[in-house]
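For reference, the structure discussed in these notes is given below.
The values are calculated or read from the model by the stated rules, or taken from the named source; none is laboratory data. Computed from a predicted structure; not experimentally measured. Because the Cβ atoms are built from the backbone with ideal geometry, glycine has one as well, and the counts that use them run over all protein chains shown. Heavy atoms of the whole protein, side chains included, go into the accessibility calculation; ligands, DNA and RNA do not. Shrake-Rupley method; radii C 1.70, N 1.55, O 1.52, S 1.80 Å.
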Amino acid sequence: MIAEYSQTAGEVQTKKELLDAIEFAQRHADNPFEALVHELYRSYKGTKRSLIKVKAEKVFLAEEITSLQVELDMVKLQKDEVERSRKQLWVELEEQKARYAKIQGLLSTIKEHPTFRQLTGHG
């Protein structure tokens with residue numbers, strides 16, 4: 001869409017360029033008033049087309065910003081999910097460490113029990 005407008009967009013003239021164009025057109029025209037109106041209309045159309053181009057670019061950029069915002073939100077959600085998973089894994093690791101320590105304590109208790117010492121020949 002922007003490409004269409006950029007190809008048809010007229011040039012926005014400065015005041016000096018417009019006055020020079022009017023003067024030139026009036027010098028080479030049969031009817032100076034008609035040349036004035038023609039140049040003013042041509043300048044108006046160029047400015048209008050340029051404005052349409054700018055508006056189209058604004059819409060395009062707004063859509064791009066929205067799209068990037070959606071992508072950013074998705075990345076934030078993924079980051080939050082990774083953080084939750086990391087915390088969950090940390091909790092599970094701590095639980096397993098506690099379980100391992102409990103099992104080690106039970107094994108130590110069993111090894112110190114007189115019956116176990118007798119069965120293993122240490123008592």
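A few comments on the model shown:
- Within this structure, Glu57 fails the test of being more than 30 Å from Gln13 (Cα to Cα), among the acidic types (Asp, Glu) and surrounded by 10 or more Cβ atoms within 10 Å (Cβ to Cβ).
- Test: residue in segment 38-51 that is assigned to a helix (DSSP H, G or I), touching a residue at least 40 places away in the same chain (Cβ under 8 Å) and hydrophobic (A, V, I, L, M, F, W, C): no
Quick grid of which residues meet (1) in contact with an Asp or Glu (Cβ under 9 Å, 6 or more places away or on another chain); (2) of a type in the set (Lys, Arg):
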position: Thr14; (1), (2): no, no
position: Leu18; (1), (2): yes, no
position: Ala25; (1), (2): yes, no
position: Asp30; (1), (2): no, no
position: Leu36; (1), (2): no, no
position: Lys48; (1), (2): no, yes
position: Ile52; (1), (2): no, no
position: Ile65; (1), (2): no, no
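- Out of Gln88, Gln26, Gln118, one residue alone is at pLDDT 95 or above, part of a helix (DSSP H, G or I) and surrounded by 10 or more Cβ atoms within 10 Å (Cβ to Cβ). It is Gln88.
- The lone exception for Ser50 - which of (1) in contact with a Phe, Trp or Tyr (Cβ under 9 Å, 6 or more places away or on another chain); (2) open to solvent by 80 Å² or more (accessible area, probe 1.4 Å) it fails: (2)
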